[in-house]
Amino acid sequence: MNRNEPALRAANLERLSGSPFDVAVLGGGINGAVTAAALAARGARVALLERRDFGAATSQESSNLVWGGIKYLESYQLGLVRKLCRARNQLLRAFPSSVQEIRFYASHPRGFRHPRWKLVLGTWLYWALGGFRTRRPRLLSTTTMAREESIVSLDGLDGGFEYSDAFLPDGDARFVWGFVRSAMDAGCAAVNYLEALGSRREGEQWVTAARDAVGGAEIEVRSRVLVNACGPFADRVNARDGVRTAHRHVFSKGIHLLVDRVTASDRVLTFFADDGRLFFVIPMGPRACIGTTDTPVERPEVVVTAEDRRFVLDNINKRLRLPRPLEERDVIAERCGVRPLVVEGGAPDASDWLQLSRRHHVETDLEARHVTIFGGKLTDCVNVGEKLCAEAERLGIELPRRERPWYGEPAEEVREEFLRQAAELRLDAAAAGAAEPPSRRLWRRYGARAPGLLEAIRRDRRGAEVLIEAAGLLRCEVELAAREEMVVTLEDFLRRRTNVALLVRREALRADPALREVGDILFGEESRRRLAEWLGERGEPARRQSAVGAADGR
């Protein structure tokens, strides 16, 4: 086995060629991850195939927000808002550490298409639709805003309002990985960098041909049911496999720019951009995530353009009182992806574009035993997992543990015991200058595996050594990732298992000797080549690049 191929990945890859699975899931974004986690926990034999890394497309490019869809109040989609608020509340209860309530501090311009009183009433309706689960909304005068958030420019404003939603402190990709990891813990054979080349029916089974991008081998995966969870690439995969559906996707490109924090508060500064849609400054540790755009595009393959950057920078510079305007040189990192929006029939009118919601739709072919997941957003992920369990049963898949919980953090007593042991080790005391106590961050990121990190530190105190200061990254975390998190490329680790690549400039990482140490822990003798790949901005394994393209089998 190549040292770069983690033992966990190699073992799962070998399992895929064995006896048929109940369900094969194509696509390891949020929809595929929750599908695999829910089905595996309830007793199905599940295979999960991802063409790139888990969460590497749409699922890593969101705003890190878990929100109930307040913007859909404008189009009177009260049922959808209620459903999304309930889904948000469910995640807040199940993941109290990794999904946290956050306040949105919204500015209201004079002459806006909706008067302030109407929007304030909307926040109270939003609060009610959310079952009063969050803190209550608040009306803001310009005097209050000047006192509480002096960074906000009051030019042209008549005040504002404040309300609550939720966010992911560790980012969207890490949240997706948590579901992939729990799916594997329940017996799922999950493999990243495994490209599905095509699926066909043979008798009562689906046969999916796949190519390993690391080793180059081709295998066949057999399953009774096939689930297309390829997100924005789902339509192409269906077309390739001869699957016809009533629904399809249209795409909206959104980008965010990462800059240094502009305010010490942990609020999301909220504005209405020049195009009338909500525009955010979202805290992300020592950085701020600014965006987003909403640009109709024809294809899911997108990049940040100069026009995109100018839109974001112009909008934020108009709305903040900064010592100097933000410029492109202030951008630390960028995020860019598409929202897959589900439609039926023809393309939407241009006037309806901004009203399209992020609802999900599941389309099932009972005869072919094929399921396609359209649209969706991270907030609604638990409902997607539950829906796919119901669809699997409709398709004849037995779920012997159908009532078993499949998501959420360990019990509170486990957390308390972890924190007690961390205090005994003086873990937080040794990092007095850190932006966040290491014990709290380790629990939030690793949950049931966090106690194992303390055990590693007991065996070797070097495990508590901080390797990358800006992210507070500990040596024991890198060692855990090498063993248990299926890291194939450095980008997998820096961008998805952690958010280092969003917090630290590439130039700073390039010059940091600790990056070489991280590479040595992750890849051993392969470290130099993997570092060269990442520094050359190549996000795929180098040995075997496929010519099929990003759409197929993601």
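Quick notes on this structure:
- The residues listed here are R458, R483; of these, the one that is closer than 30 Å to A44 by Cα and either assigned to a helix (DSSP H, G or I) or β-branched (V, I, T) (or both) is R483.
- The condition of being among the β-branched types (V, I, T) and buried (at least 24 other Cβ atoms within 10 Å of the Cβ) does not hold for V466.
- Selection within segment 134-183 - open to solvent by less than 40 Å² (accessible area, probe 1.4 Å) and among the charged types (D, E, K, R): E149, E162, D165, D170, D172, R174, R181
- Residue within segment 428-450 that is in a helix (DSSP H, G or I), acidic (D, E) and over 24 Å from the mean Cα position of the chain (by Cα) present: no
- Selection from segment 201-218 of residues that are assigned to a strand (DSSP E or B) and open to solvent by less than 30 Å² (accessible area, probe 1.4 Å): W206, V207, T208, A209, A210, D212
- Selection of strands (runs of 3 or more DSSP E) fully inside segment 87-192 by the criterion of at least 2 residues being polar (S, T, N, Q) returns 100-109.
- Hits in segment 294-335 - residues which are crowded, with 17+ Cβ neighbours inside 10 Å, free of Cβ contacts under 8 Å to residues at least 60 places away in the same chain and more than 18 Å from the chain's Cα centre (by Cα): T295, V304, D308, R309, F311, V312, L313, N315, I316
- Extreme residue, modelled with the lowest pLDDT, among residues of segment 357-397 that are polar (S, T, N, Q) and under 25 Å from A239 (Cα atoms): S357
- Remark: pairs (first residue in segment 29-55, free of Cβ contacts under 8 Å to residues at least 40 places away in the same chain; second residue open to solvent by 10 Å² or more (accessible area, probe 1.4 Å) and of a type outside the set (A, V, I, L, M); Cβ separation under 9 Å; 6+ apart in sequence or on different chains) are absent.
- Contacts under 8 angstrom Cβ, first residue in segment 83-103 being within 19 Å of W177 (Cα to Cα), partner in a helix (DSSP H, G or I) and open to solvent by 60 Å² or more (accessible area, probe 1.4 Å), 6 or more apart: S97/R415; S97/R440
- Residue, farthest from the chain's Cα centre (by Cα), within segment 21-40, restricted to residues that are over 15 Å from D172 (Cβ atoms) and either open to solvent by 10 Å² or more (accessible area, probe 1.4 Å) or polar (S, T, N, Q) (or both): D22
- Candidates in segment 219-248 are the residues that are open to solvent by less than 10 Å² (accessible area, probe 1.4 Å) and out of contact with any Leu (no Cβ under 6 Å at 6 or more places or on another chain); of these, the one that is nearest to G375 (Cα to Cα) is P232.
- Pairs meeting the criteria (first residue in segment 528-545 and within 14 Å of L494 (Cβ to Cβ), second residue modelled with pLDDT under 50 and assigned to a loop (DSSP other than H, G, I, E, B), beta carbons under 9 Å, at least 6 apart or on different chains) are R530/N4; R530/A542; E533/A542; R538/Q545.
- Filtered residues of segment 390-427 (kept if free of Cβ contacts under 8 Å to residues at least 12 places away in the same chain and either open to solvent by less than 60 Å² (accessible area, probe 1.4 Å) or farther than 27 Å from S223 by Cβ (or both)): A390, A411, E412, E413, E416, R420, E424, R426
The values are calculated or read from the model by the stated rules, or taken from the named source; none is laboratory data. No experiment lies behind these values; they were computed from the predicted model shown. So basically every Cβ, Gly included, is an ideal-geometry build from the backbone, and we count neighbours across all protein chains shown. Please note that ligands, DNA and RNA were not included when accessible areas were found on the heavy atoms of the full protein model with its side chains. Shrake-Rupley method; radii C 1.70, N 1.55, O 1.52, S 1.80 Å.
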